[in-house]
């Protein structure tokens with residue numbers, strides 16, 4: 001039995017408590033703030049939340065038996081959740097960054113053998129141990145930025161062996177690293193060069209070989225596809241997502257990133273838990289997502305890095321779409337692990353408020369990867385994933401740009417930063 005942990009005297013405690021559905025509309029601004037807040041934790045689980053005075057009345061006689069952490073003058077929030085990453089990959093693509101600065105388009109780089117294809121080659125060549133070491137460093141960086149759970153996608157193999165290799169790395173890291181990992185299979189991230197002109201053959205390979213193998217070993221929870229002009233058509237994407245559903249894999253979809261292509265509408269049709277990117281989503285697609293309860297996972301750092309206009313986050317929230325945000329950590333279009341930066345960009349480029357950005361990084365992000373029963377808010381019964389920030393309030397957290405304000409991180413009640 002571990003000693004209880006008592007975090008007390010937080011200047012502001014952001015709980016985002018109440019309900020296990022994603023927040024929409026004005027609900028995204030309801031943070032459940034407690035001034036002079038306090039959290040009592042036993043065996044990695046939150047037992048009580050309230051004002052310090054309230055918890056002193058309830059637990060004061062046991063204070064000597066607890067580890068007490070004074071958070072005076074600091075903001076405390078749930079651990080941040082990153083619901084869209086590609087953090088397991090080999091190699092680097094810094095040369096492409098310079099190419100894009102010189103005016104070469106992202107899809108042109110990929111069609112010439114760069115982009116996803118370049119990372120796929122390097123990931124195929126890397127050993128599982130090499131991928132583990134590289135991915136472990138990225139998880140360490142996520143943790144230093146206040147992230148306690150990430151979703152991780154495969155997709156840098158596009159052959160069965162490498163897809164499984166990426167997912168095995170995630171499985172082993174999930175067992176050994178403090179950060180929790182929710183795995184997504186994304187064999188349909190691009191069409192391998194060897195299948196150019198034979199795209200439907202590769203779709204059949206994904207459906208008939210890859211998905212059954214991944215599902216039989218229980219290596220993924222979700223199944224994702226890049227529905228985009230020049231990658232997978234809406235019909236091909238539908239076939240892949242429906243095949244995944246038959247094997248128990250919940251659909252996600254990279255939708256409408258480069259061009260409007262009906263991806264948001266498809267997400268609603270197949271019952272996807274989330275649609276990602278959505279820079280070019282149509283108004284009709286946004287309405288369909290709101291009606292179907294599809295979570296919009298928006299990636300403002302990617303838009304910035306590609307010098308593209310950001311997704312219409314304000315419009316989506318006002319239309320009733322639940323919105324989450326993510327780093328999209330990947331080697332080509334968003335090589336970052338900083339969710340604090342992404343929250344700031346959400347305010348600046350997605351026109352979200354600081355409260356909405358924090359909701360999108362906690363409870364809504366948890367809902368986007370199906371872990372809202374155990375993470376994403378500070379309330380009794382949930383695991384004690386918390387961050388103390390070196391600021392006094394949540395507005396200051398978003399206001400101070402490009403600075404890592406993390407002062408302490410707890411994962412299941414253990415101080416890991």
Under 10 Å, Cα contacts only: if you run a Gaussian network model on the chain, which one of 215, 264, 120 comes out with the highest mean-square fluctuation?
215
Using C-alpha positions alone, give me the convex hull volume of the stretch 214-362 per residue in cubic angstrom.
109 Å³
Taking the stretch 1-131 and dividing mean pair separation by its residue count, relative contact order in percent (alpha carbons under 8 Å, at least six apart):
27 percent
Here the tail fraction of P(r) beyond 40 Å, over all Cα-Cα pairs of the chain, rounds in percent to 15 percent
For the chain, longest principal axis from Cα atoms; helix 283-292 axis from its Cα atoms; angle between them, nearest 10 degrees, is 60 degrees
Taking every pair of Cα atoms in the stretch 154-195, average 1/r, invert it to obtain the Kirkwood radius, and report Rg/Rh to two decimals.
1.07
Rg/Rh over Cα atoms for the stretch 99-157, Kirkwood Rh, comes to 1.07
Relative contact order computed over the chain (Cα-Cα under 8 Å; 6+ residues apart), in percent:
21 percent
Averaging sequence separations of C-alpha pairs under 8 Å and six or more residues apart, then dividing by the length of the stretch 267-417, give the relative contact order as a whole percent.
17 percent
In whole percent, the Cα-Cα distances of the stretch 1-155 spread across 10 Å bins from 0 upward as 9, 24, 24, 18, 16, 7, 1
Most fluctuating of 126, 375, 275 in the GNM of the chain (C-alpha, under 10 Å) is 126
Helix 128-144 axis, angle to the chain major axis (alpha carbon atoms, nearest 10°):
40 degrees
How far is helix 234-246 tilted off the main Cα axis of the chain, in degrees rounded to 10, range 0 to 90?
60 degrees
Helix-only mean residue ellipticity at 222 nm, the chain, DSSP H runs n ≥ 4 weighted -39,500 (n - 2.57), per residue, nearest 500. What is it?
-10500 deg cm²/dmol
Pull up the DSSP beta bridges for the chain and report the antiparallel fraction as a percent, rounded to 5.
45 percent
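Laboratory data are not the source of any read-out in this text; all were calculated from the coordinates shown. Treat the numbers as computed from the prediction; the structure is a model and nothing was measured.
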